[in-house]
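What follows is a short report on a single structure.
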Amino acid sequence: MPVEEFVAGWISGAVGLVLGHPFDTIKVRLQTQNTYRGIVDCILKTYRHESVLGFFKGMSFPIASVALVNSVLFGVYSNTLLALTATSHQERRAQPPSYTNIFIAGCTGGVLQAYCLAPFDLIKVRLQNQTEPRMKIGSSEPRYRGPVHCAASILREEGPQGLFRGSWALVLRDTPTLGMYFVTYEGLCRQYTPEGQNPSSTTVLVAGGFAGIASWITATPFDVIKSRMQMDGLKGRKYRGMLHCMASSFRQEGIRVFFKGMTLNSARAFPVNAVTFLSYEYLLSLWR
């Protein structure tokens, strides 16, 4: 099994995470808290109350874990395509796989990524939702002192299943959307690259960016439910399950609730995924 796709996915995932984490923090807060009037209000209140460090809450843990999960996504995707088509990464420009095979490989990577990601993502969301300023005399202590304390607290208070809260919504978010993600990327690369040649850096950036936007537009409704399920249990159980969370959210806030954070998701998706794919393709080209 080729391992370079896993290594390239790990490094490119870390690069994308650093670029996109501040947007992700604002997105998570908008989805799970009703104290903000919109994106600008959330940004201003976060900065005023917590300084610029507030935008990077929960990043130390995912800088390693999410990079690992991204490694799983790209590694499984590429190796699934290898199993389906018997072509390596460098052979796929001359012998492009069908979009059906690309979609199947993307969905396979999405399922495995979701299960690996679930505990790390829950810890990240819990830390991002802590609005207490750090290192300020007289301010209230945050519930969690860091990612390790957060994980230990969840295990103690909610049991092992607490770390997988919202995992079904995460699976439903990632499985079809990551199939679409890779189909969009490959389709745009083929459209703007001469047959048999490798796409230019500009093509990779544009294709990766639009692939990110397309996947997040479809993923946002389940992303909202996932974030709400992950925060459930912090102060007592509010939802009996994923369907109850969807029904309750719709009844209280209307259809718009399922699109909270979509603007930020799309704005973040283009640069993050453009850089992720460019890093991935560049690293693989170095190892050929």
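The values are calculated or read from the model by the stated rules, or taken from the named source; none is laboratory data. Since the model is a prediction, treat every value here as computed from it, not as a measurement. Note: ideal-geometry Cβ built from the backbone for every residue, glycine included; neighbour counts use all protein chains shown. For the accessible areas, the whole protein counts, side chains as well, though only heavy atoms, and no ligand, DNA or RNA atoms are used. Shrake-Rupley method; radii C 1.70, N 1.55, O 1.52, S 1.80 Å.
Observations on the model:
- Top-ranked residue in the range 230-257 [being in contact with a Ser or Thr (Cβ under 7 Å, 6 or more places away or on another chain) and not hydroxyl-bearing (Ser, Thr, Tyr); ranked as farthest from ALA207 (Cα to Cα)]: MET231
- Taken residue by residue, the range 189-198 has no member that is modelled with pLDDT of 95 or more and open to solvent by 40 Å² or more (accessible area, probe 1.4 Å).
- Within the span defined as the range 26-47, every residue fails to be open to solvent by less than 30 Å² (accessible area, probe 1.4 Å), part of a helix (DSSP H, G or I), farther than 21 Å from THR177 by Cβ and modelled with pLDDT under 85.
- Residue within the range 69-81 that is open to solvent by 70 Å² or more (accessible area, probe 1.4 Å), within 26 Å of TYR280 (Cβ to Cβ) and in contact (Cβ under 8 Å) with a residue 24 or more places away in the chain present: no
- Filter result (of a type in the set (D, E, K, R) and either touching a Leu at 6+ places or on another chain (Cβ under 8 Å) or within 21 Å of ARG126 (Cβ to Cβ) (or both)) within the range 229-288: ASP232, LYS235, ARG237, LYS238, ARG240, LYS260, ARG268
- Search result, residues across the range 88-103 that are in contact with a helix residue (DSSP H, G or I) (Cβ under 7 Å, 6 or more places away or on another chain) and either open to solvent by 80 Å² or more (accessible area, probe 1.4 Å) or among the β-branched types (Val, Ile, Thr) (or both): TYR99, ILE102, PHE103
- Residue ID - farthest from THR184 (Cα to Cα), chosen from residues in the range 244-284 that are open to solvent by less than 50 Å² (accessible area, probe 1.4 Å) and hydroxyl-bearing (Ser, Thr, Tyr): SER248
- If you filter the range 215-243 down to residues that are open to solvent by less than 30 Å² (accessible area, probe 1.4 Å) and free of Cβ contacts under 8 Å to residues at least 40 places away in the same chain, you find that the one that is nearest to LEU30 (Cα to Cα) is TYR239.
- Residue check, PHE210 touching a helix residue (DSSP H, G or I) at 6+ places or on another chain (Cβ under 8 Å), open to solvent by 20 Å² or more (accessible area, probe 1.4 Å), in a helix (DSSP H, G or I) and at pLDDT 95 or above: yes
- Comparison of ARG165, ARG173 shows that the only residue that is crowded, with 24+ Cβ neighbours inside 10 Å and in contact with a strand residue (DSSP E or B) (Cβ under 8 Å, 6 or more places away or on another chain) is ARG165.
- All positions within the range 7-20 that are within 10 Å of LEU68 (Cα to Cα), modelled with pLDDT under 75 and either open to solvent by 50 Å² or more (accessible area, probe 1.4 Å) or outside any helix (DSSP H, G or I) (or both): TRP10
- Summed over the range 248-264, residues that are within 24 Å of the chain's Cα centre (by Cα) and without any contact (Cβ under 8 Å) to a residue 12 or more places away in the chain total 3.
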